[in-house]
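Colleague: Submitted below is the structure of interest, expressed as structure tokens.
The values are calculated or read from the model by the stated rules, or taken from the named source; none is laboratory data. Every value quoted in this text rests on a predicted model; they were computed, and no experiment measured them. Methodologically, a virtual Cβ is constructed for each residue, glycine included, from the backbone with ideal geometry; neighbour enumeration extends over all protein chains shown. What goes into the accessible areas is simple: the full protein's heavy atoms, side chains included, and nothing from ligands, DNA or RNA. Shrake-Rupley method; radii C 1.70, N 1.55, O 1.52, S 1.80 Å.
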Amino acid sequence: MIKYAVGIDLGTSYSCVYVWHDDEVKIIENDYSNRITPSYVAFTNSEILIGDAAKNQAPMNPYNTVFDTCRLIGRNFQDFEVQSGMKYWPFTVIEKDEKPYIRVKYKGEKKEFAPEEIISMLLVKMKEIAEDYIGSEVKNVVITVPTYFSISQYHAIKDAGLIAGLNITRIINSPTAAAINYGLSTKSIKERNVLVFDLGGGTCNVSLLSIDGGIFEVKAVASNNHLGGEDFDDRLINHFVQEFKTKFQKDLTSDMRALYRLRSHCERVKLALSSSYHVNFMVDCLIDYIDFYLSLTRDKFEELNQDLFQSAMIPIEKVLRDAKIDKCQVHDIVLVGGSSRIPKVQKMISDLFNGKKLNQFINPDEAAAYGAAVQAAILSDDTTEKIHDILLLDVTTLSFGIETSGSIMTPLIRRNTKLPFKKTETFKVFSKNSSSFTESFYIDSNPDNKSSVLIQVYECQRSKIGNKLLGKFELTISSVPQIEVTFELDLNYILKVSAIDKSIGKSTKKKITITNGLSKEEIKHMVAEAKKYRAEKEKIVQKMQARNYLESYAYSSRNILQCIDSIMDKIEDKIQESIMWLNNNEDAEKDEYEHKRKLLEDTINPIMKLYGTGDALWLDISGNLKNESV
Ligand code: ADP
Ligand code: MG
């Protein structure tokens with residue numbers, strides 16, 4: 001069987017799928033012939049739309065068109081990300097078991113979907129795009145996600161994969177995946193430090209790698225989760241809303257539909273300004289039949305976004321600091337993500353590196369999916385020479401640790417640590433009423449039960465509590481405890497934490513595995529629901545096919561009848577012509593009569609024969625009457 005490997009770049013704004021086959025990596029176009037698919041899902045009165053179809057109808061159906069789901073997946077309802085997003089998402093987000101759920105109207109009824117279900121619908125779409133190309137079912141995929149993803153988000157993406165009927169063999173950060181595309185395209189034999197700058201729709205992700213032959217070693221990653229093309233669009237929207245207010249004394253923000261239309265035009269203005277210095281667009285009948293002209297120069301666009309562009313430089317500085325690499329040691333700067341096409345952003349990066357030339361020969365929209373497909377091929381044990389020596393050494397984007405005395409987070413696995421990773425550290429126990437507390441690496445004793453301590457596992461960006469609690473367990477301890485805590489994190493973000501009191505021995509060992517995803521029952525229920533939605537979709541597809549068949553049969557039958565009519569007219573003309581000839585030639589020669597009769601027979605007999613035999617009549621492409629046995 002021919003082997004294929006599939007990589008999907010799951011973006012906040014757009015997703016993309018690549019297939020590895022026969023030593024080649026190939027992008028697969030969607031049903032709209034587009035190479036990237038909007039990460040949009042829409043619910044209507046009759047169906048669920050995904051991708052271009054969903055984005056296209058968004059202005060007409062704003063409350064039931066869901067996007068930005070990457071921002072919701074694997075988060076708690078109270079998370080800042082969710083709360084801040086809710087201020088501008090037109091769709092409704094509700095709280096269910098502390099998690100955000102999306103409420104929409106589907107087929108006239110209120111429905112609630114977990115973000116995992118929405119992401120699974122996007123994954124199914126990307127899976128189908130690949131399957132249409134490959135011609136068989138796709139099971140295993142590598143997915144790329146934004147850099148900021150937490151452990152819960154990784155697991156939630158895996159769950160979304162299960163609901164979509166996919167086995168996600170690896171999740172990698174999008175700029176790291178893009179580096180694979182770059183590395184394979186350059187084929188440099190010398191070790192190079194490569195900085196990948198990925199500015200997408202909602203996030204700014206940066207990876208710094210050293211590429212040495214086939215070894216891709218991630219040195220550091222950094223991101224800004226709230227910075228991307230949508231923020232630049234927002235600035236334009238605010239600008240034009242103000243302009244509209246001044247010109248027409250009307251507030252566009254009160255009309256969701258008008259605002260949506262303005263948003264999509266602002267995005268077009270922004271895209272055009274990456275290649276032109278001045279653009280004009282007209283939005284007809286924006287509100288109250290008013291046509292609105294959008295006119296903007298590149299200078300003004302840059303002025304409106306100056307501070308945002310400036311903050312895109314911060315993750316770059318951060319990776320350099322974290323990787324302890326000086327600017328002048330960076331050999332290549334690679335731009336990916338749609339927004340990295342903005343000329344001002346490119347200039348600022350180049351200036352930051354003292355005028356260094358930027359590498360722009362890989363496709364910024366597709367590089368991550370390309371890298372994912374290569375990684376998928378590696379994991380599928382494809383032994384072809386092109387990839388057999390490629391090794392991706394990835395790092396964790398967040399730190400993991402336990403809570404120690406004074407509500408301090410003591411990390412055992414620090415951000416940018418190479419994966420897989422295992423570390424053991426010994427802690428002492430600090431009793432709150434003891435005054436001998438001098439060191440910080442103490443675990444507080446349990447005030448209710450002196451013979452145990454609480455090991456609380458956190459995921460953190462900072463060293464203060466307020467970080468995310470992943471799990472906890474109690475450990476029985478002796479009167480002179482020596483607590484050994486071990487953290488183990490694998491490439492699939494499965495975190496195992498164990499602890500023992502060394503003074504007692506192995507018998508005290510307690511451990512937990514942090515998987516943090518949906519429960520088996522929840523997944524089972526969602527898989528069944530997804531099946532139901534797919535069956536509904538299949539029914540709609542079959543209905544539309546049946547309708548199309550009937551429609552085309554009716555129209556082609558009408559064409560045939562019209563052609564038969566015109567042939568009958570021609571036959572009538574021939575008969576008429578023969579009768580006229582007879583009238584004008586009362587005394588012609590025998591041969592002449594016979595010749596004329598032959599001509600008429602040749603025209604009429606085939607048709608008479610066809611009617612007589614009951615064979616089907618049809619017209620060939622040049623309009624000649626044919627018959628075919630039925
Ligand atoms: P994500 O990975 O977050 O899904 P993408 O990398 O696909 O995002 O980038 C999408 C963003 O890039 C959108 O905000 C889009 O408007 C923007 N974009 C695409 N092309 C251009 C361009 N030529 N100039 C400016 N912005 C662009
Ligand atoms: Mg992207």
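Colleague: Do you know which residues across the stretch 82-117 are among the basic types (Lys, Arg) and either under 23 Å from Ala164 (Cβ atoms) or open to solvent by less than 10 Å² (accessible area, probe 1.4 Å) (or both)?
Modeller: Within the stretch 82-117, the subset among the basic types (Lys, Arg) is 87, 96, 99, 103, 105, 107, 110-111.
Residues satisfying the conditions are Lys96, Lys99, Arg103, Lys107, Lys111.
Colleague: Go through the stretch 226-235 and give me each residue that's touching a strand residue (DSSP E or B) at 6+ places or on another chain (Cβ under 8 Å) and more than 9 Å from ligand 1 (Cβ to nearest atom). Give the derivation first.
Modeller: We begin by selecting, within the stretch 226-235, every residue touching a strand residue (DSSP E or B) at 6+ places or on another chain (Cβ under 8 Å); these are 227-229.
Within the stretch 226-235, Leu227 is the sole residue that qualifies.
Colleague: Considering only residues of the stretch 31-54 that are closer than 27 Å to Ala377 by Cα and within 16 Å of ligand 2 (Cβ to nearest atom), which is farthest from the chain's Cα centre (by Cα)?
Modeller: Only one residue tops the list, namely Asn34.
Colleague: Oh, and also: Give the residue, chosen from Gly183, Gly200, that is surrounded by 24 or more Cβ atoms within 10 Å (Cβ to Cβ) and under 20 Å from Ile129 (Cβ atoms).
Modeller: Working: Gly183 fails: under 20 Å from Ile129 (Cβ atoms).
Result: Gly200 is the single residue among Gly183, Gly200 that is surrounded by 24 or more Cβ atoms within 10 Å (Cβ to Cβ) and under 20 Å from Ile129 (Cβ atoms).
Colleague: Every residue in the stretch 512-534 that is surrounded by 10 or more Cβ atoms within 10 Å (Cβ to Cβ) and among the small types (Gly, Ala, Ser), please.
Modeller: Gly517, Ala528, Ala530, listed by residue number.
Colleague: Could you list, in sequence order, the residues of the stretch 298-327 that are open to solvent by less than 40 Å² (accessible area, probe 1.4 Å), away from ligand 1 (no atom under 14 Å from the Cβ) and in a helix (DSSP H, G or I)?
Modeller: Those that are open to solvent by less than 40 Å² (accessible area, probe 1.4 Å), away from ligand 1 (no atom under 14 Å from the Cβ) and in a helix (DSSP H, G or I): Ser311, Pro315, Ile316, Val319, Leu320, Ala323.
Colleague: Then there's this: Residues that are outside the structural domain of Ala160 (by TED's automatic domain parsing), open to solvent by less than 70 Å² (accessible area, probe 1.4 Å) and part of a loop (DSSP other than H, G, I, E, B): does the stretch 580-595 have at least one? Write out each step before concluding.
Modeller: Here is the first cut: in the stretch 580-595, the ones outside the structural domain of Ala160 (by TED's automatic domain parsing) are 580-595.
Filter once more, so that each one left must be open to solvent by less than 70 Å² (accessible area, probe 1.4 Å): 581, 585, 588.
After this cut, where a residue has to be part of a loop (DSSP other than H, G, I, E, B) as well, the list is 585, 588.
So far as the stretch 580-595 goes, yes, one or more of its residues are outside the structural domain of Ala160 (by TED's automatic domain parsing), open to solvent by less than 70 Å² (accessible area, probe 1.4 Å) and part of a loop (DSSP other than H, G, I, E, B).
Colleague: I've got another one for you. Given (1) farther than 17 Å from Ala367 by Cβ; (2) away from ligand 2 (no atom under 16 Å from the Cβ), where does Lys26 come up short, assuming only one miss?
Modeller: (1)
Colleague: Please identify the pairs in which a residue from the stretch 511-524 that is over 14 Å from Glu98 (Cβ atoms) has its Cβ atom under 6 Å from the Cβ atom of a residue that is assigned to a strand (DSSP E or B) and open to solvent by 70 Å² or more (accessible area, probe 1.4 Å), counting only partners at least 6 apart or on another chain.
Modeller: From residues that are over 14 Å from Glu98 (Cβ atoms), the pairs are Thr513/Lys496.
Colleague: Let me ask something additional. What's the total number of residues in the stretch 340-365 that are open to solvent by 10 Å² or more (accessible area, probe 1.4 Å) and within 12 Å of ligand 2 (Cβ to nearest atom)?
Modeller: Residues flagged as open to solvent by 10 Å² or more (accessible area, probe 1.4 Å) and within 12 Å of ligand 2 (Cβ to nearest atom) within the stretch 340-365 amount to 3.
Per-residue answers, yes or no, for (1) among the small types (Gly, Ala, Ser); (2) outside the structural domain of Tyr154 (by TED's automatic domain parsing); (3) touching a Cys at 6+ places or on another chain (Cβ under 9 Å); (4) touching a residue at least 60 places away in the same chain (Cβ under 8 Å):
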| site | (1), (2), (3), (4) |
| --- | --- |
| Lys386 | no, no, no, yes |
| Asp389 | no, no, no, yes |
| Gly406 | yes, yes, no, no |
| Thr410 | no, yes, no, no |
| Ile413 | no, yes, no, yes |
| Asn416 | no, yes, no, yes |
| Leu419 | no, yes, no, yes |
| Lys422 | no, yes, no, yes |
| Thr426 | no, yes, no, yes |
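Colleague: Still on this structure, please answer the following. So, restricting to strands (runs of 3 or more DSSP E) that lie completely within the stretch 1-72, which ones have at least 1 residues that are within 12 Å of ligand 1 (Cβ to nearest atom) and open to solvent by 10 Å² or more (accessible area, probe 1.4 Å)?
Modeller: Working: elements: 5-10, 14-21, 24-27, 41-43, 48-50.
Once the strands (runs of 3 or more DSSP E) in the stretch 1-72 are filtered for at least 1 residues that are within 12 Å of ligand 1 (Cβ to nearest atom) and open to solvent by 10 Å² or more (accessible area, probe 1.4 Å), what remains is 5-10, 14-21.
Colleague: Given the conditions (1) more than 16 Å from ligand 2 (Cβ to nearest atom); (2) in contact with a Leu (Cβ under 9 Å, 6 or more places away or on another chain), and given that Tyr293 satisfies all but one, which numbered condition is not satisfied?
Modeller: Status for Tyr293: all satisfied but (2).
Colleague: Shifting gears a bit: Quick one: is Val330 surrounded by 14 or more Cβ atoms within 10 Å (Cβ to Cβ) and within 16 Å of ligand 2 (Cβ to nearest atom)? Talk me through it step by step, then tell me what you get.
Modeller: Working: surrounded by 14 or more Cβ atoms within 10 Å (Cβ to Cβ): yes; within 16 Å of ligand 2 (Cβ to nearest atom): no.
Answer is no for this residue.
Colleague: Let me ask something additional. Take the stretch 118-139 and flag every residue that is open to solvent by 10 Å² or more (accessible area, probe 1.4 Å) and not in a helix (DSSP H, G or I).
Modeller: Of everything in the stretch 118-139, those that are open to solvent by 10 Å² or more (accessible area, probe 1.4 Å) and not in a helix (DSSP H, G or I) turn out to be Gly135, Ser136, Glu137, Lys139.
Colleague: Can I ask one more? If you check Val194 against the conditions, is it of a type in the set (A, V, I, L, M), in contact with a strand residue (DSSP E or B) (Cβ under 6 Å, 6 or more places away or on another chain) and within 16 Å of ligand 2 (Cβ to nearest atom)? Break it down stepwise before answering.
Modeller: Working: of a type in the set (A, V, I, L, M): yes; in contact with a strand residue (DSSP E or B) (Cβ under 6 Å, 6 or more places away or on another chain): yes; within 16 Å of ligand 2 (Cβ to nearest atom): no.
No: the conditions fail for Val194.
Colleague: Can you tell me which of Tyr154, Tyr182 is of a type in the set (Phe, Trp, Tyr) and more than 16 Å from ligand 1 (Cβ to nearest atom)? Outline the logic, then answer.
Modeller: On the way: Tyr182 fails: more than 16 Å from ligand 1 (Cβ to nearest atom).
The conditions single out Tyr154.
Colleague: Taking the options Arg75, Arg103, name whichever one is part of a strand (DSSP E or B) and either in contact with a Ser or Thr (Cβ under 7 Å, 6 or more places away or on another chain) or within 26 Å of Gly7 (Cβ to Cβ) (or both). Break it down into steps so the answer makes sense when it comes.
Modeller: Working: Arg75 fails: part of a strand (DSSP E or B).
Sole residue among the options that is part of a strand (DSSP E or B) and either in contact with a Ser or Thr (Cβ under 7 Å, 6 or more places away or on another chain) or within 26 Å of Gly7 (Cβ to Cβ) (or both): Arg103.
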